[in-house]
1. Based on alpha-carbon centroids, what's the gap between the stretch 119-170 and the stretch 41-114 in Å, whole number please?
2. Could you tell me which of S97, A120, P14 has its Cα farthest along the dipole of the chain towards the positive end, charges placed at Cβ (Lys, Arg +1; Asp, Glu -1), taken about the Cα centre?
3. For R127 and H68, what is the calculated FRET efficiency with R₀ set at 45 Å and r taken between the beta-carbons, to the nearest 0.05?
4. Given the rule -39500 (n - 2.57) for each run of at least 4 DSSP H residues, summed and divided by the residues of the chain, what is its mean residue ellipticity at 222 nm, to the nearest 500 deg cm²/dmol?
5. Can you work out ³J(HN,Hα) from phi for every residue in the stretch 10-17, in order, using Karplus 6.51 cos²θ - 1.76 cosθ + 1.60 and θ = phi - 60°, giving whole Hz and x for Gly and Pro?
6. Can you list which of the GluC sites (Glu not before Pro) found in the stretch 79-181 are DSSP loop residues with at most 14 other C-beta atoms within 10 Å?
7. Out of the stretch 67-166, which trypsin sites (Lys or Arg not before Pro) are coil in DSSP terms and have no more than 10 other C-beta atoms within 10 Å?
8. To test your reading of the geometry: what angle, between 0 and 90 degrees and rounded to tens, separates the Cα axis of helix 83-95 from the longest principal axis of the chain?
Amino acid sequence: MPYTSNKPGAAPDPEALRARIAGWGADLDPGDRPAFPREHPGIRTGAHWALPEQQPTKGRERERSVEHERLTPVFGTAQPLHGLSGAIRRYAYDRYSEGQAAHWLLLILGDRIESAGAHAKSMLTRRPDDPITQSGVLGERGRRPIASRLRPGRVDLKHAWMDPILVLGPWVLAAVLVFRTGRAIMRPAKRRR
């Protein structure tokens, strides 16, 4: 159900919640809440509105989670969605709640597709991405790079095996596509001779 000012159903009894959940209701006393002075109804904020004026969408529909009844009054427009990654992200917002893993997995997939596209575009420029120098690997040369990566207690040790795949994967894929495209172009040329 979308978030609205009307709460569905009755709220559980506070005493039952306090008995069931340790620490529940610790901030019910206004004296225990650090933000309470700002919550006091008598404080004048200077705002001349109850809800800010809605930013215009300029004919382009913005992403909005299915939980929310309306778009937030102000939203970013610097990076509009585009291409396949944008379509995947729009589908995630239109179809799945933010509380579902599918929503976030689709957003991650859209991000990975956009990242791979950016790597592929960089190969068509005069200065393509360089995964070796831009990853900072050369900066570790004199500081025991292998030992520092394998030391116990390092947080990223569990997924360190997949880092080369994620960094080099788009490069290998682009190289394979270029090779296959070149081969497909060259085959008909050889047959005509």
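Any read-out appearing in this document is the output of simple, stated calculations on the displayed coordinates, not a laboratory observation. It should be emphasised that the depicted structure is a prediction, and the values quoted were computed from it without experimental measurement. Quick reminder, even Gly has a Cβ in these numbers, built from the backbone with ideal geometry, and neighbours come from all protein chains shown.
1. 32 Å
2. A120
3. On the way: r = 42 Å, r/R0 = 0.93.
Using R0 = 45 Å, I get an efficiency of 0.60.
4. Details: 7 runs with 86 residues, N = 193.
When only DSSP H runs of four or more count, the value is -14000 deg cm²/dmol.
5. Once θ is set to phi - 60°, the couplings for the stretch 10-17 become 8, 6, x, 5, x, 5, 5, 5 Hz.
6. On the way: sites: E98, E114, E140; in loops: E98.
Sites meeting the loop and neighbour criteria: E98.
7. Numbers: sites: R70, R89, R90, R95, R112, K121, R126, R141, R143, R149, R154, K158; in loops: R70, R126, R141, R143, R154, K158.
Listed in order of number, the matching sites are R126, R141, R143, K158.
8. Helix 83-95 sits roughly 30 degrees off the main axis of the chain.
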